[in-house]
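Scroll down for the structure; my scribbles are underneath it.
Each reported figure results from applying straightforward, stated rules to the coordinates on display, with no laboratory input. These numbers were taken from a predicted model, which means no experiment stands behind them. Here Cβ is always computed from backbone atoms with ideal geometry, including for glycine, and neighbour counts include all displayed protein chains.
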Amino acid sequence: MNGSEGTIMVLVATRKGAWFFHSDTARRTWRVEGPQLLGQIVSHAVLDPRDGRTLLAAARTGHLGPTLFRSTDLGRHWLEAVQPPAFARAPQGTAGRTVDHTFWLTPAPAGEPGCWYAGTSPQGLFRSTDGGVHWTPFSCLNDDPQYIRWMGTVQDGTPDGPKLHSIIIDPRDPAHLYIGMSGGGVHESRDAGRSFAPLLNGLEVVEGFDRADPSFHDPHCIRMCPSAPDRLYQQNHCGVYRLDRPGDEWVRIGRNMPAEVGDIGFPLVVHPRDAERAWIFPMDGTDVWPRTSPGGRPAVYGTRDGGASWQRLDRGLPPQQAWWTVKRQSMCADGLDPLGLYFGTTSGELWTSADEGEHWQCIARHLPEILAVETGHPSAAAT
């Protein structure tokens, strides 16, 4: 764990800016900083685990468009990226694509300081090697006719638009990447992004569509267990799945969820030290997809056995009439022992658990709609 062992920082990205919450490892009391970047639609804010002081924030302002901001002092000062993610210019006479916003940020492993990956809406993959100041596109994916067909149009994907997300780097091999595209499916690269291949075996699609066509696949969130990187979990439009490499067959473990709740949702969290443990936040998956907690009774569900069984974890959460849900980037863990869990709601509440989901408390209300929640450990020198 990089940074100060005595502090934890929770970064909350919202539709109107970002807020940062600070505590010690006991996580009983919290200090809030913010708003940061007030008025910006902040899709994702991440603290660089390699130095414990650099922040990147993916933002969009109505009249100025999409950009990225960078801070090297935990948000005291911000500078805009000189060259934010942008698609390569299309050949003359052909239709080009324009980045609507950057959606996902992933720092590279410790051996590649200053290197970051970004996923955008519409689907695009980008890389920075100077700490987020300049970004270059992966044209082998972004401009490939086959991938563009699989990505669909701007009308496809989620109500918030199509997007590339869940950029995962194998900690054993920085050339081994996974990405998710909504729509477009799960894809894998073993050559640092010079080429990608679909990883879709076993995944279902909406009834009536062809599961052999990546266009119809919609992964919502993919996570790897850092201590056991051959184990991946996925919250998909069509359920919760697990993949054990070197196999390539996803198994729907969400079928073991209670039938009255189902296994439809957006976020997923994996225990960093125990590949058998994971948590999801189900939403109402009935025909109309209202995107609310089932029956207005929100709950986290956790597994201790790789998805063979699931336990409802709702102690402290509202027992009824709570019609919010949690977006795909808005649930995370802090890496401490016992593991802390966090989620932010579409109604602007931030919930925490310092005992791996057994008990929950709300530490913030009345924030704007929460789009992403991440944790980090600031360096002692930066605090």
query = Seen from all sides and averaged, what is the projected area of the convex hull of the Cα atoms in the stretch 138-263, in nm²?
reply = 8.2 nm²
ask   = Once Cα Rg over 2.2 N^0.38 Å is worked out from the coordinates, which option in (i) 0.92; (ii) 1.26; (iii) 1.01 does it equal?
value = (i)
request  = Convert each backbone phi in the stretch 271-276 into a coupling constant with the Karplus relation 6.51 cos²θ - 1.76 cosθ + 1.60 (shift: θ = phi - 60°), then list the ³J(HN,Hα) values in order as whole Hz, x for Gly and Pro.
outcome  = 5, x, 10, 9, 5, 7
task = Given the peptides 177-190, 258-271, arrange them by the average over their residues of other C-beta atoms within 10 Å, most packed first.
result = 177-190, 258-271
Ordering of 312-321, 351-360 by packing [mean C-beta count within 10 Å, highest first] = 351-360, 312-321
task = Per DSSP H run of at least 4 residues, take -39500 (n - 2.57); add these up for the chain, divide by its residues and hand me the 222 nm value, nearest 500 deg cm²/dmol.
result = -500 deg cm²/dmol
ask   = Anyone know which of Ala110, Ala13, Ala118 comes out most mobile in the 10 Å Cα GNM of the chain?
value = Ala110
request  = List every residue whose amide H lies under 5 Å from the amide H of Leu371, counting only residues 5 or more places away in sequence or on a different chain, with H placed 1.01 Å from N in the peptide plane.
outcome  = Ala13, Thr14, Arg15
remark   = Once phi for every residue in the stretch 110-116 is put through the Karplus expression 6.51 cos²θ - 1.76 cosθ + 1.60 (θ = phi - 60°), the whole-Hz ³J(HN,Hα) values, with Gly and Pro written as x, are 4, x, 10, x, x, 8, 9
query = If you average over every viewing direction, what projected area does the convex hull of the Cα atoms of the stretch 1-157 give, in nm²?
reply = 10.8 nm²
note = Toy charge model, Lys and Arg Cβ at +1, Asp and Glu Cβ at -1: the chain dipole around Cα centroid in debye, rounded to 20, equals 660 debye
query = How many angstrom separate the Cα center of the stretch 247-286 from the Cα center of the stretch 342-357?
reply = 18 Å
ask   = Calculated FRET efficiency, Thr292 and Phe209, Cβ-Cβ r, R0 25 Å, to nearest 0.05?
value = 0.50
remark   = In the chain, taking the dipole from +1 charges on Lys and Arg beta carbons and -1 charges on Asp and Glu beta carbons about the Cα centre, the listed residue (Thr286, Ser43, Gly193) farthest towards the positive end is Ser43
